[in-house]
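The values are calculated or read from the model by the stated rules, or taken from the named source; none is laboratory data. Predicted, not measured: the structure shown is a model, and the values here were computed from it. Virtual Cβ from ideal backbone geometry, glycine too; neighbours counted across all protein chains shown.
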Amino acid sequence: MELAESLSEWTDYDIAMFEFGRSLGIFPEGTTFGGIRGMFFMETPLSTAIGEAMDALVKIGVLAYREAEYRWVGPVDFSAVRRATSGDE
């Protein structure tokens, strides 16, 4: 399943982080959310990296964030990327 499809609706952050990691191939085939759910409630190098990557996608408009939920917005807005990299937010 593509990330755009799995995050097409507002999704709790822990499930969204799992889907993001799964879309990148971070988790071995067959890994279930229930099997690693606790990892997203602790600050670990993996949960931090996934969270920071998702926050970067929010910053450029690919994902939306509200009160511990993420949602897919769509393709990259290149003007937002330019603003984010130039510091002119």
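Is at least one residue of the range 35-48 out of contact with any strand residue (DSSP E or B) (no Cβ under 8 Å at 6 or more places or on another chain), closer than 14 Å to Leu7 by Cβ and either crowded, with 16+ Cβ neighbours inside 10 Å or of a type outside the set (Ser, Thr, Tyr) (or both)? So far as the range 35-48 goes, no, none of its residues is out of contact with any strand residue (DSSP E or B) (no Cβ under 8 Å at 6 or more places or on another chain), closer than 14 Å to Leu7 by Cβ and either crowded, with 16+ Cβ neighbours inside 10 Å or of a type outside the set (Ser, Thr, Tyr) (or both). Checked against the criterion of being hydrophobic (A, V, I, L, M, F, W, C) and in contact with a Leu (Cβ under 8 Å, 6 or more places away or on another chain), the candidates Ala16, Ala49, Ala4, Ala56 yield just one match: Ala16. Pairs meeting the criteria (first residue in the range 75-89 and farther than 25 Å from Leu3 by Cα and modelled with pLDDT under 65, second residue surrounded by 10 or more Cβ atoms within 10 Å (Cβ to Cβ) and of a type in the set (Lys, Arg), beta carbons under 7 Å, at least 6 apart or on different chains) are Glu89/Arg83.
Take the range 32-77 and flag every residue that is part of a loop (DSSP other than H, G, I, E, B) and among the polar types (S, T, N, Q). Matches in the range 32-77: Thr32, Thr44. Among residues of the range 11-31 being touching a helix residue (DSSP H, G or I) at 6+ places or on another chain (Cβ under 9 Å) and assigned to a loop (DSSP other than H, G, I, E, B), the one that is surrounded by the most Cβ atoms within 10 Å (Cβ to Cβ) is Phe27.
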